[in-house]
Amino acid sequence: MHFSYFVQQKLKLASAIAIILVIVLINNRWENNNINELGETFGSVYKDRLVVENYIFKLASATHEKKYLLTQYKVKQSSEIKSEIASINTEIDFLLKDYQTTFLTVGEQEVFKNLLRNNDQLRAIEENPEFEIAHLNTLYDKNIIMLNKLSKIQMKEGEALYKNSRSIVTSNASLSYLELGLLIILGLITQALIFNSKSIRGSLRKDNNNLPLN
């Protein structure tokens with residue numbers, strides 16, 4: 001009866017160890033997923049936000065440069081200004097193409113489409129800019145407004161990614177504490193098993209010594 005009781009206790013402790021090991025493995029898998037998500041978040045901050053903000057800055061600079069060229073008609077020839085605008089437009093085309101390869105939110109897509117439409121209007125008028133300087137300035141100003149909207153979106157999305165990364169770090173810290181606690185419990189259970197084993201061996205020796213001799 002005494003031996004059977006100890007066997008039952010050992011089975012219970014062994015089951016507890018198995019459960020803890022399963023929990024630790026699941027916890028470890030969860031932590032790995034969080035680390036991968038954190039890596040993706042930082043990648044998105046760089047590729048889809050910081051790099052895009054650089055595109056926006058360059059697009060705004062190019063627009064300001066074209067707007068400035070319109071003020072130079074009194075000192076420069078029309079053909080020279082047209083050539084400089086065409087060169088800037090080539091740079092803008094590359095920037096817009098690169099921009100489209102990044103991840104765009106729904107709001108960002110809408111503003112970006114409006115920006116593309118506005119640029120199409122600009123290209124048609126820039127063929128003969130000297131005749132519609134006022135209209136061009138209005139369209140350039142619209143470009144700047146839309147680029148500012150896109151820049152604000154980058155800030156908003158960047159902040160959301162930052163909060164998400166903080167949440168992942170906090171979650172991983174909690175999981176690490178949980179895992180540490182489970183390992184401590186596992187160590188205590190292991191000690192209990194060793195202690196019980198010694199108790200069983202001692203009890204068996206005592207029972208054997210008390211057996212009557214024939």
*Flagged links, alpha-carbon separation over 32 Å, of Lys74/Lys97; Lys66/Lys163; Lys74/Lys152; Lys66/Lys152; Lys76/Lys142*: Lys74/Lys97; Lys66/Lys163; Lys74/Lys152
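What is the gain in length, in nm to one decimal, between Leu183 and Thr71 on full extension, counting 0.36 nm per residue of separation less the C-alpha to C-alpha distance? Spell out each step's value before the answer.
Details: separation 112, 0.36 × 112 = 40.32 nm, distance 7.35 nm.
The Leu183-Thr71 span can extend by a further 33.0 nm.
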_In the stretch 63-119, if the dipole is taken from +1 on Lys/Arg beta carbons and -1 on Asp/Glu beta carbons about the Cα centre, which of Leu96, Asn118, Gln77 is farthest to the positive end?_
Gln77
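Ranked from the most accessible area to the least, with a 1.4 Å probe and all protein chains present, what is the order of Glu110, Glu126, Glu80, Glu157?
Numbers: Glu110 120, Glu126 15, Glu80 85, Glu157 55 Å².
Of Glu110, Glu126, Glu80, Glu157, the descending order of accessible area is Glu110, Glu80, Glu157, Glu126.
Working from the pairwise distances between different alpha carbons, so that the mean of 1/r is found and then inverted, what is the stretch 100-167's Kirkwood radius in Å?
Numbers: mean 1/r = 0.0732 Å⁻¹.
For the stretch 100-167, the Kirkwood estimate is 13.7 Å.
The values are calculated or read from the model by the stated rules, or taken from the named source; none is laboratory data. None of these values were measured; they are calculated from a predicted model. Because the Cβ atoms are built from the backbone with ideal geometry, glycine has one as well, and the counts that use them run over all protein chains shown. Ligands, DNA and RNA are excluded from the accessible area calculation, which covers all protein heavy atoms including side chains. Shrake-Rupley method; radii C 1.70, N 1.55, O 1.52, S 1.80 Å.
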